[in-house]
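After the structure tokens below, expect a handful of questions from me.
The values are calculated or read from the model by the stated rules, or taken from the named source; none is laboratory data. Being a predicted model, the structure only gives us computed values, none of them experimental. Positions of Cβ are backbone-derived with ideal geometry, glycine not excepted, and every protein chain shown enters the neighbour counts. These accessible areas exclude ligands, DNA and RNA; they are computed on the full protein's heavy atoms, side chains included. Shrake-Rupley method; radii C 1.70, N 1.55, O 1.52, S 1.80 Å.
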Amino acid sequence: MNGELNTNRTWFFIFVFSFTLGIFFRSFFNLGAEFLFFLIFLAIALLPAYFIYKTRAVFLVSLFIFGTILGILRFDISEINRNDPLLEMQTGKTALVEGIILNEPDERDDAVILVLKGEKIYDGDNYMKIKGKIRLATGRYPPFKYGDRVIARGKIVHPKSFENEETKKIFDYPGYLAAQDIYYEMKYPKISFIDSDNGNFILASLFDLKKMFLAHTARVIPEPEESLLGGLLVGAKQSLGKELLDDFRKVGIIHIVVLSGYNITIIADSIVRIFSFLPRLYAGAFAGGSIILFAALVGGGATVLRATIMALLVILARYIGRVYDVTTALFLAGFLMLVHNPKILVFDPSFQLSFLATIGLIYFSPVIEKYFYFLPRRGVFREIAISTVATQIFVTPFLLYMTGMFSLVALPVNLLVLFFIPVTMFFGFFTGVFGFLGNIFSLPFAHIATFFLSYIIFVVEKFSSIQFASYTIKTIPIFAVLVCYIFLGALIMKKFLRPQT
């Protein structure tokens, strides 16, 4: 029975790996239908050999090819509705487009970002129906919200890649937006309001709840602590300012205020460890429920949903404690996410970071655990230290390749800060919740939350002021990154495949 189960797992892992490889290959190359037909012919041709010779290797090769084919096909299907013909005809021209705002407005230092679901494009008094999302960069006033129906007048353009001024790296901005099915932009169009309440009622209610929650915390927590709390809890970092945000980047903890997959995964693991004194089932249930409520509070968007799934896998790993079962769940979760949206594999940094952070927490933490013998076993500090270091090591090669910024103080700052993140979020959360009853009820929680928030900002500012806190690496070959992960993978394999004595 166990042998059959292991065989099925092997087939499943090979299929998921080949499916992922097909998506990865197709993300960069399109060799046309001829290449796809060749792969199909090759896979079918191998099947008779398997039935004749009963060679398992032949079947596995055929399965691998079929998985690759399906991965390529899934990416091709995602490209079918890439361009709307009417919007394509208007690209480079000024157009009048009517649609519904699909996102909660993303406030930046110099603009507010809206995503418009296009419905109509006007030609004089006539209009034609369109399908396609348009990214709008507009001013703060007049304010718009999720579900508003508006008319935007501006120049329609395709997104373009741009170069990072410090690292000189080219950011594939069109690919990043394509992962969200966005292929068009309007920069500072003239926007006219038509009506509201055209979105999903549940999402609209969650966004309104989030807005009221932040309003309550703003009444009793000063700046910039309140903005930091908004970043920690719901990813609202608008008022932190460019200088303080740059400090967070320098010291390597920007992930705690941008609602990244890395952030949510770390938070989930910390919650599980803090409540580890409870029976395992209750600790897992409490942590899982907390993460799901957190995802709902921040709006439950695609990025948050993917990171939440990864976070729940961390909780599952702590609860089950069996590597093979967790590995199967991790592969299945990744596979389902790629089936839903294949473009996140290459073009969505949040998915990549959350996946790497999850692997680091589940598999690399046991590898380095023996090096923390000097920390007391009782309490959660040792556990959080291991998780922090393991995750930091595992995501660093990818972050270096993606951003080119290497922080020499990231490890000590993460250790000094991440331990206090869950308790800060706890008191910050109840500050907002009791704020619905009145400021007098939220003040006790607000004072404690402010203390921890001030501590985090103090650590960030002090370490970022160090001259050698970080430096920029302009050129990092992908080969070097792959070598790093091969080495880390070898350490994990050595740990888990070592014969038990």
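Within the chain, what whole-number % of the accessible surface is contributed by carbon and sulfur, with the 1.4 Å probe and all protein chains included in the calculation?
66 percent
Also, I was wondering about something else. Hand me the trypsin sites (Lys or Arg not before Pro) from region 32-94 located in a DSSP loop with no more than 10 other Cβ atoms within 10 Å, in residue order please. Present the calculation step by step, with values, prior to reporting the outcome.
On the way: sites: Lys54, Arg56, Arg74, Arg82, Lys93; in loops: Lys54, Arg82, Lys93.
Sites meeting the loop and neighbour criteria: Lys54, Lys93.
Could you pull out the chymotrypsin sites (Phe, Trp or Tyr not before Pro) across region 26-119 that fall in loop regions by DSSP (anything but H, G, I, E, B) with no more than 11 other Cβ atoms inside 10 Å? Don't skip to the answer; put the middle values down first.
Numbers: sites: Phe28, Phe29, Phe35, Phe37, Phe38, Phe41, Tyr50, Phe51, Tyr53, Phe59, Phe64, Phe66, Phe75; in loops: Phe29.
In loop regions of region 26-119 (DSSP not H, G, I, E or B), the sparsely surrounded chymotrypsin sites (Phe, Trp or Tyr not before Pro) are Phe29.
How much of the DSSP bridge set in region 128-217 is antiparallel, in percent, rounded to the nearest 5? Could the numbers behind the result be given before it?
Details: 9 of 14 bridges.
Taking every DSSP beta bridge with both residues in region 128-217, the antiparallel ones total about 65 percent.
A further question follows. Regarding the chain, what is the average projected area of its C-alpha convex hull, in nm²? Kindly include the intermediate steps, with their values, before the conclusion.
On the way: hull surface 112.0 nm².
Averaged projected hull area, Cα only: 28.0 nm².
Just to confirm, what accessible area per residue do you get for the chain at 1.4 Å probe, in whole Å²?
Working: 26080 Å² over 501 residues.
I get 52 Å² per residue for the chain.
Under 14 Å from the Cα of Lys187, which aspartates and glutamates turn up, not counting those fewer than eight places away in the same chain?
Asp110
If you build the Cα gyration tensor of region 106-232 and take the root of 5 times each eigenvalue, what three semi-axes come out, in whole angstrom, biggest first?
Numbers: eigenvalues 159, 108, 35 Å².
Value: 28, 23, 13 Å, ordered largest first.
Now for a different question. Compactness ratio of region 324-390: Cα Rg over 2.2 N^0.38 Å, N = residue count? Walk me through the numbers before you get to the answer.
Working: Rg = 15.1 Å, N = 67, 2.2 N^0.38 = 10.9 Å.
So region 324-390 has a normalised radius of gyration of 1.39.
Report the Stokes-Einstein translational diffusion coefficient (µm² s⁻¹, integer) for region 95-160, Rh taken as the Kirkwood radius over Cα pairs, at 4 °C with viscosity 1.567 mPa s.
Working: Rh = 12.3 Å.
D, rounded to a whole number, is 105 µm²/s.
For region 397-501, which chymotrypsin sites (Phe, Trp or Tyr not before Pro) are both in a DSSP coil and crowded by at most 10 other Cβ atoms within 10 Å?
Phe468
Now for a different question. How many percent of Cα pairs in region 383-463 exceed 21 Å?
Values: 1447 of 3240 pairs.
Of all Cα-Cα pairs in region 383-463, 45 percent lie more than 21 Å apart.
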